[in-house]
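Notes to accompany the following structure.
The values are calculated or read from the model by the stated rules, or taken from the named source; none is laboratory data. As the structure is a computational prediction, the values presented were derived from the model and not from experiment. For neighbour counting, all protein chains shown are included, and Cβ atoms are generated from backbone atoms with ideal geometry for every residue, glycine included.
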Amino acid sequence: MSWDKQVNGKYAEKQLIAEVHIMKIIIDAFGGDNAPAEVLKASRQATDTLGVEILLSGDEAKIRRCAEEIGIDLNGIGILHAPEVFDIHAQPSTIVKEGRQTSLAVGLQALRDGKGDAFVSAGSSGGLVTGATLITRRIPGIKRPAMTAMLPTNRNKFILLDAGANVECRPEMLVQFAVMGSAYMKCVKGIEKPKVGLLNVGAEETKGRELEVQTYHLLTQAPVNFIGNAEARELPEGGYDVVVCDGFAGNMVLKLYEGMGALFKGKLKKWFSGIAGRLSALLVYGEIREFQKQMDYKEEGGGIILGVAYPVIKAHGSSDAKAFFNAIRQAKRCVEGSMVEEIARTIAEMREEA
């Protein structure tokens, strides 16, 4: 299939529809620990302030009852009835058969059918990745979608991928991760030439396993701003906008970040307790607040699943209304920045050159 038919046909048509109609964000109303109440609060705020329409997938009677109990006006918020909820302990593969009537699957099916422009869920990570891959489908040419995480540094934030979806990877997959991560940072974060690093045990191009050695060589020829290997100790300092690795290493980096964040939070609480500590805290209150904001996952919204045909956001399981609202805003920026189209265009060009 030609480039024009693949991208300028499918994705340009989608862009035209987005320009004519108000953007619609589909949300899994029963994904996460605090659903559906916090989802409803965020949906109301997003509808009122972001200029988007919200479609909630889930049990309609329960959604309406909850909205009445917490005083949420559903004007401008649609409902896609789904009688079941996808259990976080269920096998991800069941999403396409046994889980077809769940709020997660119904929302993804609606996204695939053009009823919305992006999807947000705080439900099962495995179910969401599998559903996004098998229901909404991959971008043509993408070998594996990747789970991502935005992590703070001393200078900025960088996107880490894969963060756990693909434990075993091939070099060409990591190259595609670099392309997708770069597209996200360019289209959503406004960084024109994102700096790409390959997570490795040393700076030399001969370091690492066969995976890293081969990937290094391929990245030097890829259409990304590759600046070399990134050692784990360098990540908190900054200097990279995109860091790529297999899902096994990526998930360990993510979990270590989360653990260190909890450690710092506990230390700060201990240091600034008592009268003397509280007085001292007043002197550095601004710096403390900024640090807490940097480390707070709620500020980002969620981790985007890159490589599928529409923006799909995985919000944290314990997301509150603030986190859900930021996830909706994140989804909106992905659509506005034509992130999926950028990935599709670059991958198509790489395939033609190959």
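Data table
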| quantity | calculated |
| --- | --- |
| Whichever residue in region 76-119 is in contact with a Lys or Arg (Cβ under 9 Å, 6 or more places away or on another chain) and part of a loop (DSSP other than H, G, I, E, B) and, among such residues, is surrounded by the fewest Cβ atoms within 10 Å (Cβ to Cβ) | Gly114 |
| Conditions (1) crowded, with 24+ Cβ neighbours inside 10 Å; (2) not in a loop (DSSP other than H, G, I, E, B); (3) not aromatic (Phe, Trp, Tyr); number of the one not met by Gly123 | (2) |
| Exclusive hit being under 19 Å from Ala122 (Cβ atoms) and not aromatic (Phe, Trp, Tyr), set Gly107, Gly51, Gly71, Gly76 | Gly107 |
| Of all residues in region 190-218 being among the β-branched types (Val, Ile, Thr) and assigned to a helix (DSSP H, G or I), the one that is nearest to Met339 (Cα to Cα) | Thr215 |
| Qualifying residue in region 255-275 (condition: modelled with pLDDT of 90 or more and either part of a helix (DSSP H, G or I) or surrounded by 15 or more Cβ atoms within 10 Å (Cβ to Cβ) (or both)) | yes |
| Residues satisfying the stated conditions in region 191-224, i.e. touching a helix residue (DSSP H, G or I) at 6+ places or on another chain (Cβ under 7 Å), of a type in the set (S, T, N, Q) and closer than 24 Å to Arg345 by Cβ | Thr215 |
| Test: residue in region 303-310 that is more than 10 Å from the chain's Cα centre (by Cα), among the hydroxyl-bearing types (Ser, Thr, Tyr) and in a helix (DSSP H, G or I) | no |
| Hits in region 168-187 - residues which are in a helix (DSSP H, G or I) and surrounded by fewer than 20 Cβ atoms within 10 Å (Cβ to Cβ) | Pro171, Glu172, Lys186 |
| Matching option when the condition is of a type outside the set (Gly, Ala, Ser), crowded, with 22+ Cβ neighbours inside 10 Å and over 11 Å from Ile328 (Cα atoms), among Ile63, Ile70 | Ile63 |
| Some residue of region 16-23 being at pLDDT 95 or above and either farther than 18 Å from Val120 by Cα or buried (at least 22 other Cβ atoms within 10 Å of the Cβ) (or both) | no |
